[in-house]
Amino acid sequence: MKETAYWTWFIIAGIVILVIAGLHMVVMHLPMFGVFNPESGAVTDWGNVAFRSQNQFLAFTYIILLGAVLYHGFYGLRTIVFELGPKKSFQDGFTVILWIVGLVLFGIGTYAAIAAKALETAL
């Protein structure tokens, strides 16, 4: 029953990735729409980057996307490794390592998203 819940979250994370990565593609790789890019030119021009850095919605979606990608990727890796049939002690240790690495990466990524917003607000 516990694995069913983990699998359900895996599927939900995949859907979240699909939606938010789709938004990212529209904003960053289809500049013809001009979404979140008010100044003309490339999406990497300072005016467009500064505008997106001020937007709380984008900072929030980047954090949600980061969490979904980390969970989806690490749960998928865990599932692949467990299909090889390792001992229960290895499975438990591997799961703990994935949780620690995932939380550290999530913390670093969240800090980066918040720091970018704070830096732009200060400028």
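Quick look at the numbers
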read-out: Pair list, Cβ < 6 Å and 6+ apart or interchain, from the stretch 90-117 residues that are touching a residue at least 12 places away in the same chain (Cβ under 8 Å) to residues that are basic (K, R) and in a helix (DSSP H, G or I); value: L98/R78
read-out: Single condition L18 does not satisfy, out of (1) within 20 Å of I108 (Cα to Cα); (2) free of Cβ contacts under 8 Å to residues at least 12 places away in the same chain; value: (1)
read-out: Residue in the stretch 33-43 that is in a loop (DSSP other than H, G, I, E, B) and either hydroxyl-bearing (S, T, Y) or in contact with a His (Cβ under 7 Å, 6 or more places away or on another chain) (or both) present; value: yes
read-out: Which listed residue is within 27 Å of L119 (Cα to Cα) and either in contact with a His (Cβ under 6 Å, 6 or more places away or on another chain) or in a helix (DSSP H, G or I) (or both), from I20, I12; value: I20
read-out: Within the stretch 78-92, tally of residues that are out of contact with any Phe, Trp or Tyr (no Cβ under 9 Å at 6 or more places or on another chain) and of a type in the set (A, V, I, L, M); value: 2
read-out: Residue within the stretch 57-68 that is under 16 Å from F10 (Cα atoms), in contact (Cβ under 8 Å) with a residue 60 or more places away in the chain and surrounded by 13 or more Cβ atoms within 10 Å (Cβ to Cβ) present; value: no
read-out: Residues that are small (G, A, S) and loosely packed, with under 12 Cβ neighbours inside 10 Å, drawn from the stretch 97-114; value: G107
read-out: Check on A68, small (G, A, S), touching a helix residue (DSSP H, G or I) at 6+ places or on another chain (Cβ under 8 Å), under 23 Å from A115 (Cβ atoms) and in a helix (DSSP H, G or I); value: yes
read-out: Considering residues of the stretch 71-96 that are surrounded by fewer than 12 Cβ atoms within 10 Å (Cβ to Cβ) and among the β-branched types (V, I, T) only, the residue nearest to V16 (Cα to Cα); value: I80
read-out: Top-ranked residue of the stretch 39-56 - restricted to ones that are under 14 Å from I114 (Cβ atoms) and surrounded by fewer than 17 Cβ atoms within 10 Å (Cβ to Cβ), ranked as modelled with the highest pLDDT; value: Q56
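The values are calculated or read from the model by the stated rules, or taken from the named source; none is laboratory data. Predicted, not measured: the structure shown is a model, and the values here were computed from it. Backbone-built Cβ (ideal geometry, glycine too); neighbour counts: all protein chains shown.
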